[in-house]
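Nothing in this text is a laboratory measurement; each read-out follows from the coordinates by a stated rule. Because the structure is predicted, anything quoted here is derived from the model rather than measured. FYI the Cβ positions are ideal-geometry reconstructions off the backbone, even for glycines, and counts take in every protein chain you see.
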Amino acid sequence: MSHGSNDERRGAGENHWMGSAGAYPARFMVVAFIDEKQHFRAGTFPRILQTRNRRALVHYTQVVWPDKSELGCAVAHNQNDDFLVCRYWPAGNAYGVEIRRLAAR
């Protein structure tokens with residue numbers, strides 16, 4: 001599983017989630033993005049992390065980024081895994097943007 005190129009996504013942001021086939025409902029997958037909120041602190045992106053692991057927050061910030069106007073998600077399956085892909089327009093996680101408070105759960 002890999003992110004689409006910027007050209008393929010036409011500049012949209014993209015989140016991925018993968019887990020064992022049939023083990024997780026789509027709601028669980030999306031909530032996994034939201035649960036990253038615990039690592040958020042107000043500041044300028046990307047210096048909004050309470051951890052050194054940037055990946056521990058970028059899904060959450062993509063979901064709740066200010067001025068988001070479009071969202072599309074889909075779940076796909078193979079024999080072993082389920083995959084969730086969500087695209088956001090406009091893309092979030094822009095460097096240098098100040099974030100004081102993002103949406104709650």
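Annotations for the structure displayed:
- Theoretical FRET efficiency, 1/(1+(r/R0)^6), r = Cβ-Cβ of Ser5 and Lys68, R0 25 Å, to 0.05: 0.75
- In order along the range 16-24, the phi-based Karplus estimate (6.51 cos²θ - 1.76 cosθ + 1.60, θ = phi - 60°) of 3J(HN,Hα) comes to 10, 9, 9, x, 4, 4, x, 8, 9 Hz; Gly and Pro are listed as x.
- Glu14 paired with Arg41, simple spin-label distance in nm, labels 7 Å along Cα-to-beta-carbon: 3.2 nm
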